[in-house]
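Take a look at the structure set out below.
Please treat every number below as a calculation from the coordinates, not as lab data. Since this is a predicted model, take the numbers as computed values, not measurements. Because the Cβ atoms are built from the backbone with ideal geometry, glycine has one as well, and the counts that use them run over all protein chains shown.
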Amino acid sequence: MKKNVIILATSLLMVVLFMVATYLYNNQKAETKTQLAAQNNSALIAEHSPRKGSPAAKVTIVEFLDPACETCKIFHPFIKDLLKKYPNKINVVIRYSPFHHGSDQMVAILEASRKQGQFWNVLDLMFETQSSWAINHQARPDIFWRHLTKVPNLDLKRLQQDMNDPAIANVIQQDLVDGKRLGANKTPTFFVNGKPLPSFGYEQLMNLVNSELAAHY
């Protein structure tokens, strides 16, 4: 009996120590992210970054995303809902982190569609159809291309030409460099008024957004 008590006590102690270590690690990780964001504030938003919402909004959400990222797809409706719920209070800025193979071409499609004023429609379509063209963690722009016929008034011939614009590669490279400086090594990575999430999750994002809304309105 005494031996069993010792084993149980030892097991409980190990669990407690693990929990404390995890807590300290997560705190240190969150602190590191906060420091990186504070030290590299200029890397948050680039002049070329797509934006949606009110330019006068006092709360800005910066999202580093990959069109082939399943979690980005899951979060996309939540971001759209926030823009609808707070139309004059929130601004969303998109940065690219095309980590999946082939995602750079998906970004090229987005940037080319942007020249026709269709960026957000095409981004919506990418996430809506993602399961058909993102296969085994690889983006298949050739498959997605078929879906583009669903976008009204989108000139596909012009789109194909604009995708070859060398400036697009520069946009992607700049976003990857800025993302690295900010510690955005996974997608999606969010910053709200320059502040990173303390830990990843929808609730954490909502809490930070609500905190910034309360502070500025």
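At-a-glance table
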| item | result |
| --- | --- |
| Once the Cα gyration tensor of the chain is diagonalised, semi-axes √(5λ) in Å | 38, 22, 16 |
| Qualifying GluC sites (Glu not before Pro) in the stretch 42-82, DSSP loop, other Cβ atoms within 10 Å at most 12 | 47 |
| Residues of the stretch 46-86 with amide N under 13 Å of a point placed 7 Å along Cα→Cβ from residue 206 | 78-79, 81-82 |
| Size of electric dipole in the chain: Cβ of Lys, Arg +1 and of Asp, Glu -1, about Cα centre, debye, nearest 20 | 480 debye |
| Ranked list, fewest to most other Cβ atoms within 10 Å of each Cβ, for 202, 96, 86 | 202, 86, 96 |
| FRET efficiency, 1/(1 + (r/R0)^6) with R0 25 Å, evaluated for residue 116 and residue 170 via beta carbons | 0.80 |
| Mean ellipticity per residue at 222 nm, deg cm²/dmol - from DSSP H runs of n ≥ 4 across the chain, formula -39500 (n - 2.57) | -18000 deg cm²/dmol |
| Length added when fully stretched, residue 46-residue 146, from 0.36 nm per residue minus Cα-Cα | 32.9 nm |
| Förster radius 25 Å - calculated FRET efficiency between residue 158 and residue 56 (Cβ-Cβ, nearest 0.05) | 0.15 |
| Residue 138-residue 195 pseudo-label distance in nm [points 7 Å out on the Cα-to-Cβ vector] | 4.2 nm |
| Computed FRET value (nearest 0.05) for residue 85 with residue 39, which takes r as the C-beta separation and R₀ as 22 Å | 0.10 |
